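The values are calculated or read from the model by the stated rules, or taken from the named source; none is laboratory data. Not measured: the values here are computed from a predicted model. Quick reminder, even Gly has a Cβ in these numbers, built from the backbone with ideal geometry, and neighbours come from all protein chains shown.
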Ligand SMILES: *Cc1c(COP(=O)(O)O)cnc(C)c1O
């Protein structure tokens, strides 16, 4: 079945009791048992809920994975992956991660003697040099946030396989429409479902998609034991959002291209980060592993102070200054003080997150309105 059809139908069947076409919101915490232990597959809703099951099956279909698990947030999903590790284990991750992931690794899990290395993942030798017998997990984001670097998934998979590492990919920025890391050898795909998958800026959720049965059993155990599981209403909202994922992504991509090209030719802009440009250093990798280039774009203002950058960030009418991304509405974000504020200044600037950088999540509005608003804000 094609992606577009799976986005609408996978995991969903008319409700057996009423024939309801849309999967109902099973708003219950517990389920009747005919005799102790004898039930219809559902006992207590932290562990399982039918609305969530439909969503997990739909997400698994979209990532072409055997299993999926939904969490109450993207961070909850990442937390479960790190809980596969034990004290002394080491993790290799990119040096321009989502700020919340960096914060969790360095402020929460470092306390449990898990060791994190944040390195440039563009070079195979650099990664190999960082690996020792304690290394257990390779954590990759691509495109990276906010400088849109593309990490070669095939190369990472080769390294992970050679050294017996778990290879996990945060696929939030691409969504399963643009990229399927399992196809390139990843073991676990993580999503902040909050972003493109939910798509309407009205729900917080995370997910893991994977094929390996053993890893799935371990993660499902952590999922239920630690309890970061989402409720039925949120599951319903995402099931509903997913039905237009392919349509939204198409428009995010066409709008994204036009916005990127507009910014590139603007005299007040020094640099535009978008993997669709032929001049992007990793354009060929993006072409290999992605279906299109998405609507996430960052740009550096020419000789702009923090105040001037703030002034531009605050002067939009159609674009909204807000954290997050991937919704139908276009958003502007100032990474240095918003999404990436928890990363120390020196480290942040080394990764390109300078004070005069803005990040855009191009929505699905009419392109002319988006460009007009950029024009007046940059005037
Ligand atoms: C938002 C985000 C997360 C965290 O997800 P939440 O749903 O906010 O917990 C992780 N990684 C990336 C790339 C994100 O954009």
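Got at least one residue in region 113-125 being within 22 Å of residue 185 (Cβ to Cβ), in contact (Cβ under 8 Å) with a residue 60 or more places away in the chain, assigned to a loop (DSSP other than H, G, I, E, B) and more than 12 Å from the ligand (Cβ to nearest atom)? Yes: region 113-125 contains one or more residues that are within 22 Å of residue 185 (Cβ to Cβ), in contact (Cβ under 8 Å) with a residue 60 or more places away in the chain, assigned to a loop (DSSP other than H, G, I, E, B) and more than 12 Å from the ligand (Cβ to nearest atom). Note on region 149-260: enclosed helices (runs of 4 or more DSSP H) holding 3 or more residues that are away from the ligand (no atom under 14 Å from the Cβ) are 153-163, 213-226, 232-242.
In summary, residue 266 fulfils each of the numbered conditions (1) within 24 Å of residue 196 (Cβ to Cβ); (2) touching a helix residue (DSSP H, G or I) at 6+ places or on another chain (Cβ under 8 Å) with the single exception of condition (1). Does any residue of region 261-279 turn out to be part of a helix (DSSP H, G or I), touching a residue at least 40 places away in the same chain (Cβ under 8 Å) and over 21 Å from the mean Cα position of the chain (by Cα)? Scanning region 261-279 turns up at least one residue that is part of a helix (DSSP H, G or I), touching a residue at least 40 places away in the same chain (Cβ under 8 Å) and over 21 Å from the mean Cα position of the chain (by Cα). One residue alone among 60, 43 is out of contact with any helix residue (DSSP H, G or I) (no Cβ under 9 Å at 6 or more places or on another chain), within 17 Å of residue 196 (Cα to Cα) and in the same structural domain as residue 205 (by TED's automatic domain parsing), and that residue is 60.
Looking only at residues in region 126-148 that are assigned to a strand (DSSP E or B) and farther than 23 Å from residue 346 by Cα, the one that is farthest from the ligand (Cβ to nearest atom) is 135.
Conditions (1) at pLDDT 95 or above; (2) surrounded by 15 or more Cβ atoms within 10 Å (Cβ to Cβ); (3) away from the ligand (no atom under 16 Å from the Cβ); (4) not in a loop (DSSP other than H, G, I, E, B), marked per residue:
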{"residue": "287", "(1), (2), (3), (4)": "yes, yes, yes, yes"}
{"residue": "299", "(1), (2), (3), (4)": "yes, yes, yes, yes"}
{"residue": "315", "(1), (2), (3), (4)": "yes, yes, yes, no"}
{"residue": "318", "(1), (2), (3), (4)": "yes, yes, yes, no"}
{"residue": "340", "(1), (2), (3), (4)": "no, yes, no, no"}
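Among the residues making up region 67-79, those that are in contact with a helix residue (DSSP H, G or I) (Cβ under 7 Å, 6 or more places away or on another chain) and either within 12 Å of the ligand (Cβ to nearest atom) or part of a loop (DSSP other than H, G, I, E, B) (or both) are 70, 71, 75, 78, 79. Pull out all pairs, ordered by first then second residue, where Cβ-Cβ is under 6 Å, the residues are six or more apart or on different chains, the first lies in region 158-174 and is assigned by TED's automatic domain parsing to the domain that holds residue 215 and more than 15 Å from residue 90 (Cα to Cα), and the second is part of a strand (DSSP E or B) and away from the ligand (no atom under 16 Å from the Cβ). Matching pairs, first to second residue: none at all. Going residue by residue through region 99-109, is there one that turns out to be in contact with a helix residue (DSSP H, G or I) (Cβ under 6 Å, 6 or more places away or on another chain), in a strand (DSSP E or B) and within 16 Å of the ligand (Cβ to nearest atom)? The answer is no, given that none of the residues of region 99-109 is in contact with a helix residue (DSSP H, G or I) (Cβ under 6 Å, 6 or more places away or on another chain), in a strand (DSSP E or B) and within 16 Å of the ligand (Cβ to nearest atom). If only residues of region 342-371 that are in a helix (DSSP H, G or I) and touching a residue at least 40 places away in the same chain (Cβ under 8 Å) are counted, the one that is nearest to residue 177 (Cα to Cα) is 367. Of the listed requirements (1) within 23 Å of residue 230 (Cβ to Cβ); (2) at pLDDT 95 or above; (3) within 25 Å of the chain's Cα centre (by Cα), residue 98 misses just one: (2). Listed by first and then second residue, the pairs with beta-carbon distance under 8 Å, at least 6 apart or on different chains, first residue in region 193-210 and within 27 Å of residue 166 (Cα to Cα) and in the same structural domain as residue 52 (by TED's automatic domain parsing), second near the ligand (Cβ under 7 Å from one of its atoms) and assigned to a strand (DSSP E or B), are 193/206; 194/206; 205/192; 206/192.
Might you check whether a residue that is within 16 Å of the ligand (Cβ to nearest atom), in a loop (DSSP other than H, G, I, E, B) and in contact (Cβ under 8 Å) with a residue 12 or more places away in the chain occurs anywhere in region 37-48? Show your work before the answer.
So the first thing to find is which residues in region 37-48 are within 16 Å of the ligand (Cβ to nearest atom), and the list is none.
No, the conditions are met nowhere in region 37-48.
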